[in-house]
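Visitor: Here you go, one structure.
The values are calculated or read from the model by the stated rules, or taken from the named source; none is laboratory data. Just so it is clear, the structure is predicted and the values come from calculations on it, not from any experiment. Heads up, the Cβs are rebuilt from the backbone with ideal geometry, glycines too, and the neighbour counts pull from every protein chain shown. Quick note on the areas: whole protein, heavy atoms, side chains included, nothing else; ligands and nucleic acids left out. Shrake-Rupley method; radii C 1.70, N 1.55, O 1.52, S 1.80 Å.
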Amino acid sequence: MSASLQEDEAAALLATEAAALDGYFSETPLSPTPTYPILDTSFTTAIIITNLPRVNSTKLDKLVKVITKLVSRIGTLASTDDFSGVYLPIDSESDSTFGFAIVEYASVEEARQAVEVLEGYKFDKNHSLNVIPYQRAQELENVDSTAEYEEPQPEPFRERPNVSAWLEDPIQRDQFVIREGKETIVKWSDGKTEPVVDYDGSREKEAGVAWCEYYTHWSPNGSYLATLVPSKGVILWGGKNFEKIARFPAPGVEFVVFSPQENYVLTCNNRRDDPNSIKVFSIQSGKLLRAFPLYPKDFLPEGMTPEQIPPPAFQWSHDDSYLARMGRDLISIYETPTMKLLDKRSLITDGIHEFQFSPKANILAYWAPEHGNAPAH
């Protein structure tokens, strides 16, 4: 075969391939310049924890693990392949940490909660933590030390609504709330005449916001009405005009439980994959006191799935002093308001099936069915 004939066949083959690929290529010239996401230098999701123990490099990993376990209870850390979300700088000359850590969360809200929850936390017998937002540290760095000190002015007193106003009704009526379609309506009733609307969220409707989207719940003494907006959390209303008392961030919330004396509220989103599925808030301060997973550690028997066993419920003591939950062969009791484990250990209760607090005293009883040679007790 001649060289000319081979060249013609090669040219024909290339033409055929080019025709098959026609339309697959853009005529727009390529730009080799890469595009990068905008660098966020605001540090709004970062916090600084001070008054930590100073350790050398041999104990650094252990301290990082302890801190990571503590801070991850509050929210999701902004971890990557080469960053755990917790950074402890170390002095190369003295081979010692500086006594502080930088922690980064996945969201601004989680960082804010961490500042509130960890401030004053007793890390060990010699160290109580101090926590500030990273942005605050940046502000302090730029403070003019030569400027004259000006005493900050206290915020003006804001009187809280009278949450017992409904008891002052001149004709001694009761209140009840109904959910009808997308409407949430509070009504007066005397048991004799047609119920009368007291509040239907008209103020929020005019402002273009929802005062309830899912579920409502009265506190035990009727002081607060909790409405659930799953995209945001729980909102408490009270007083003569049903003013907003507080809002507790709890995305995906499905139900709430008030403490008997109305000092605390517990929220739950029923998500098995969320380590902070259950949250406990102080109603007075609005602070998140502690968060828990839906199931206690090692609660599910081997071979059983969450679909087969419901999560164990928390129970309050009659005076709000304690919050308890059943685990596997144990009861964990937490003291308020610190929400620390009572005596730093759970109460061992072999074979426990259920338990209950006394309605009048800080005493609890539990029941365990017969198992093997062990009688029911």
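Visitor: Name the residues whose placed amide hydrogens come within less than 5 Å of the amide hydrogen of Gln261, ignoring near sequence neighbours (fewer than 5 apart) on the same chain.
Guide: For Gln261, whose amide H was placed from the backbone, the distant partners under 5 Å are Asp320.
Visitor: Name the shape class, rounded, prolate or oblate, that the alpha-carbon gyration tensor gives for the range 86-151, where a ≥ b ≥ c are the square roots of its eigenvalues, rounded holds for a/c under 1.5, and otherwise prolate holds if a/b is larger than b/c and oblate otherwise.
Guide: The shape class here is oblate.
Visitor: ³J(HN,Hα) across the range 53-67 via Karplus (A = 6.51, B = -1.76, C = 1.60, θ = phi - 60°), whole Hz, x for Gly/Pro?
Guide: Going residue by residue, I get x, 8, 10, 8, 4, 5, 9, 4, 4, 5, 5, 4, 5, 5, 5 Hz, with x marking Gly and Pro.
Visitor: Give the shape of the range 186-230 as rounded, prolate or oblate, defined through the alpha-carbon gyration tensor: a ≥ b ≥ c are the square roots of its eigenvalues, a/c under 1.5 means rounded, and otherwise the shape is prolate if a/b is larger than b/c and oblate if not.
Guide: In terms of gyration-tensor shape, oblate.
Visitor: In Å², and per residue, what accessible area does the chain have when probed at 1.4 Å with the other protein chains present?
Guide: Result: 65 Å² per residue.
Visitor: Could you sort 159-166, 253-260, 113-120, 91-98 so that the peptide with the highest average Cβ count within 10 Å comes first and the rest follow in order?
Guide: Ranked from most to least packed, the peptides come out as 253-260, 113-120, 159-166, 91-98.
Visitor: How big is the charge dipole of the chain about its Cα centre, in debye rounded to the nearest 20, if each Lys and Arg gets +1 on its Cβ and each Asp and Glu gets -1 on its Cβ?
Guide: About 1920 debye.
Visitor: Okay, next question. Specify the angular offset, from 0 to 90 degrees and rounded to the nearest 10, of the alpha carbon long axis of helix 108-118 from the longest principal axis of the alpha carbons in the chain.
Guide: Computed tilt is about 50 degrees.
Visitor: Hey, another quick one. So how do 70-83, 50-63 stack up, highest first, on mean other-Cβ count within 10 Å?
Guide: Taking the mean over residues of other Cβ atoms within 10 Å, the ranking is 70-83, 50-63.
Visitor: May I pose another question? For the chain, take the convex hull of the Cα atoms, compute a quarter of its surface area, and give me that in nm², please.
Guide: With every direction weighted equally, the projected area is 40.8 nm².
Visitor: Taking θ = phi - 60°, what integer Hz values does the Karplus form 6.51 cos²θ - 1.76 cosθ + 1.60 yield along the range 153-161, in sequence order, with x for Gly and Pro?
Guide: Couplings: 8, x, 5, x, 5, 10, 5, 6, x Hz.
Visitor: Across the range 164-177, in residue order, what do the Karplus-derived ³J(HN,Hα) couplings come to in whole Hz, using 6.51 cos²θ - 1.76 cosθ + 1.60 with θ = phi - 60° and x for Gly and Pro?
Guide: Coupling constants for the range 164-177: 9, 4, 5, 6, 8, 4, x, 10, 6, 8, 9, 10, 9, 10 Hz.
Visitor: What is the set of long-range amide H partners of Arg290 at a cut-off below 5 Å, with H atoms built 1.01 Å from backbone N?
Guide: Val280
Visitor: Just the ratio, please: alpha-carbon radius of gyration of the range 157-302 over 2.2 N^0.38 Å, N its number of residues.
Guide: The range 157-302 yields a ratio of 1.15.
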